[in-house]
Amino acid sequence: MRKKQKEKSRYFIKYIVPIIAVFSFVISVLEGYFYYRLSEGNLYVQILMNIQNVFKAFLFSPSISISDARKITEIQDTNMFKTIVCYFYMAVVILAPICTAVAVLKAIEKTVRGWINTFKNTFHKKVFIFGYNKYSKEFVNNIVEGNKKVIIVTQKSFENSERLELLRKGIVLMHGDFSNGKDHDMKYGFKKMKIEKADSIVLFEEVATTNFSIFLNIIEYYDSVELKSKLFNRIYNNDGITYIKCSISCEDYGIQEVITDYYDRYIDEVSEATNRKIHIDLKLFSISEIQARELFSHRPIYQYNLKDERTYSKKHYEWEESTNACTNPWDTHLVIVGFGKLGQNILLQALNLGNLQSKSTITIDVFDKSIDEKKGIFAKRFSHENVEIDQKFISFPKKSENSDGKVIIRFHKTDIRTIDFEDELRALKNITYIAICFEDSSLSTMSMVTIEKYFKNVPIAVQMDVDKKVIDYINRNSKSYKDVFPFGTKKEVLNKDAIIENEMDMKAILYNIKYDEYCEHNKKRNEEDINHISRKKLDAWNQTILLKKNSSRNLIEHQMIKIILLLVDSWMDQGIKSNIIIEKISVLLDCLEKHNDYEDENVKQIHEYLDDAYRKIKDIKVDKILREDKILEELATLEHRRWCNFMFANGYKYENSKKDDLAKTNPCLLSWNELSIKKPEMLVFDVLGILICAEEIEDNRMKSLY
């Protein structure tokens, strides 16, 4: 209703008022002509007095009043036209000042709005977005309504309609080539746009190498002599955070490796210099990775396992290693249909979030008609020394002593439109999750119909980006497709939380602080100090290599699983029946899907348990604590296994020497038992990864991670 009223008001001011003003002007001129022709003989004087009357008519004091106009109508030789003009003029005497008042008020409104916007902009966080395309467009639409000043920098020109729409939203548009331009021109451009005042920079060009070039130029500009003092002394907000977040869009793993290598070397170079600081907190992101994270945040990969009654037949830490894939109730068996960028990122997320028990198996079956080429490119991520890579599968660890549990990735060269796909599909057993990842919505829908026939009660995620009608149909027909859910709509996933202000990043920083403080053997736990991100602590985070940052983020993502395992253990200790546990789990999963907090009387006990464990590791040797606390040992083993999978997926290998991030070697890539013998001093860091879970618990509530 209010929107319609605003539209009517805008229409009146934009069209009706100007028409009335023009009409008033014409009538005033005609009335002046008739009136002064009777009273004044000099033509020159008549014209001047007529102009004066027109101006005064719009300024609330016309020279020809209503009574003067009425006298003309009473003259005998007055014709019909003159009479009509006179009567219209009587109305114009009232309407003309109204038009002036509206115009003045509109001018005042624009001036005041300009002042307000100028005032607001001093407090707005500035977001610079380099590149404008279909993806950055969705991102801009999602963040423009927040407390942010958005500046789009692009080489492309805008259509007039699109340009006006962006300007109407308060977005600043700038043009320039900041990837291949001349150094002098680029520095002048950066200086003109005041990029040093940015809160966040998002490099969203379609070509990843272009984003890298822009990033290099920004780094060079920030390191220039004239900006060192400005950036070093720049402090905004109460936390004293002095760094600019820079997010780079990069879908290609090879380019990600190049950028990572450059940034890590840059960190080393700056860290060695006493008079330099790192001004940028770099984050690499890909749209397909964001889609995968969003999928598992709404629909966790473990939801099928948690609804299986076998899961609650024994305590999770008592189970022995399964000999065959997917015989353990905590095993993960994921099917990925379509192995493009999205399918690959879902697989990588599953290697992290699919770790549900230290001895469980993660089995992933991948279907794609072009699987040979895609598998060959994907396999380059892994080191052949620790990972067995065959024509049809990848498995690790290569040797049993190098990790706990087992990961098996099987590749199927199959066209989903053929009968062979159905035959291979029927041969699979104990599937716990299915993800259909085609960009083509027709192929996604076809796969969904085929798969849904054979697998009931198994979660089926279908990538649907633009076909809103199909998504609505699936959602409406919840009985027919009760286990099917669409995901990956770029309009929903490309938001500030995913790219520039991720809550997970803040929690990763806090974990990194605790990790570093323990390394420094700081025995006193000061809650206020630990949980406050000071300038000094942020220095440490920004001097951390990208791999360690990503490792911390993955740990934070996995912590919800550990809390759920503790909850399940608590319920089983109380003798709660499996069907009641499943009901509780359904409520918990619903809270996670809607990103709501979960309340349970056992949550507080878990918090106290984790706090007590944290206090113990300060005074007692970790290996002794783990021998006495089997639950904590199982969770620590699970965390170590998760970390090993992350390192394997990033090309690391075991080397019995000092760790080397450039050579991608690490002496801790061992099974839990081997680590306990060879490097017992390192066990504490897997335990720390569990105790960070306490930060997600408040009173009797388990806070949503996302």
* Asked: Which value in nm describes the separation of the simple spin-label points at residue 419 and residue 253, placed 7 Å from the Cα toward the beta carbon?
  -> 3.6 nm
* To do: Take peptides 413-422, 301-310, 682-691 and line them up by average Cβ neighbours within 10 Å, highest first, as a rough protection proxy.
  => 682-691, 301-310, 413-422
* To do: Return the FRET efficiency for the residue pair residue 381, residue 209: r is the Cβ-Cβ distance, R0 is 22 Å, and the value is rounded to the nearest 0.05.
  => 0.65
* When all protein chains stay in place, what accessible area (Å², nearest 10, 1.4 Å probe) is found for residue 163? -> 90 Å²
* Structure fact -> Gyration tensor on Cα atoms of the range 369-425, a ≥ b ≥ c root eigenvalues, a/c under 1.5 rounded, else prolate if a/b beats b/c, else oblate, says oblate
* Do any of 187/496; 548/616; 194/283; 359/398; 496/604 go past 24 Å between their Cα atoms, and which? -> 187/496; 548/616; 496/604
* Quick one: accessible surface of residue 15, probe radius 1.4 Å, all protein chains present, in square angstrom to the nearest 10. => 110 Å²
* To do: Using only protein heavy atoms and a 1.4 Å probe, report how much of residue 14 is accessible, in Å² to the nearest 10.
  => 130 Å²
* Structure fact -> Taking 0.36 nm per residue of separation between residue 677 and residue 103 and subtracting their Cα-Cα distance, the length gained on full extension comes to 198.3 nm
* Assign unit charges at the C-beta atoms only (+1 for Lys and Arg, -1 for Asp and Glu), then state the dipole size of the range 574-662 relative to its Cα centre in Debye, rounded to the nearest 20. => 460 debye
* Structure fact -> Ordering 184, 175, 640 by the accessible surface of their heavy atoms, 1.4 Å probe, largest first, yields 184, 175, 640
* Asked: At what distance in nm do the modelled label points of residue 144 and residue 194 sit from each other, each positioned 7 Å from its Cα along Cα→Cβ?
  -> 2.2 nm
* Asked: With θ set to phi - 60° and the Karplus curve 6.51 cos²θ - 1.76 cosθ + 1.60, what are the ³J(HN,Hα) couplings of the range 663-669 in order, to the nearest whole Hz, using x for Gly and Pro?
  -> 7, 6, 10, 8, x, 9, 7
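In a shell of Cβ-Cβ distance under 11 Å around residue 627, excluding residue 627 itself, what net charge do Lys and Arg (+1) and Asp and Glu (-1) give? Before the final figure, lay out each step's value.
Numbers: positive: 621, 624, 630; negative: 623, 628, 629, 633.
Taking every Cβ under 11 Å from that of residue 627, the sum is -1.
Hey, which of these cross-link pairs are over 28 Å Cα-Cα: 406/630; 375/653; 126/374?
On the way: 406/630 21 Å; 375/653 20 Å; 126/374 39 Å.
Where the Cα-Cα span goes over 28 Å, the pairs concerned are 126/374.
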* Candidate residues 552, 213: accessible-area rank, largest first, probe 1.4 Å -> 213, 552
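Going by the alpha-carbon gyration tensor, a ≥ b ≥ c the square roots of its eigenvalues, is the range 618-692 rounded (a/c under 1.5) or, if a/c is not under 1.5, prolate (a/b greater than b/c) versus oblate?
Numbers: a/c = 2.26, a/b = 1.78, b/c = 1.27.
Prolate is the answer for the range 618-692, as a/c is 1.5 or above and a/b outweighs b/c.
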* Structure fact -> For 662, 669, the accessible-area ranking with a 1.4 Å probe, largest leading, is 662, 669
* Amide hydrogen neighbours beyond the local backbone of residue 282, cut-off 5 Å, H modeled -> 246
* Structure fact -> By the C-alpha gyration tensor axes a ≥ b ≥ c (rounded if a/c is under 1.5, else prolate when a/b exceeds b/c, else oblate), the shape of the range 567-614 is oblate
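The values are calculated or read from the model by the stated rules, or taken from the named source; none is laboratory data. Keep in mind that what you see is a predicted model, and the values were worked out from it rather than measured. Don't worry about glycine lacking a Cβ; one is built from the backbone with ideal geometry, like all the others, and counts go over all protein chains shown. Each accessible area value is taken on the protein alone, full model and side chains, heavy atoms only, with ligands, DNA and RNA left out. Shrake-Rupley method; radii C 1.70, N 1.55, O 1.52, S 1.80 Å.
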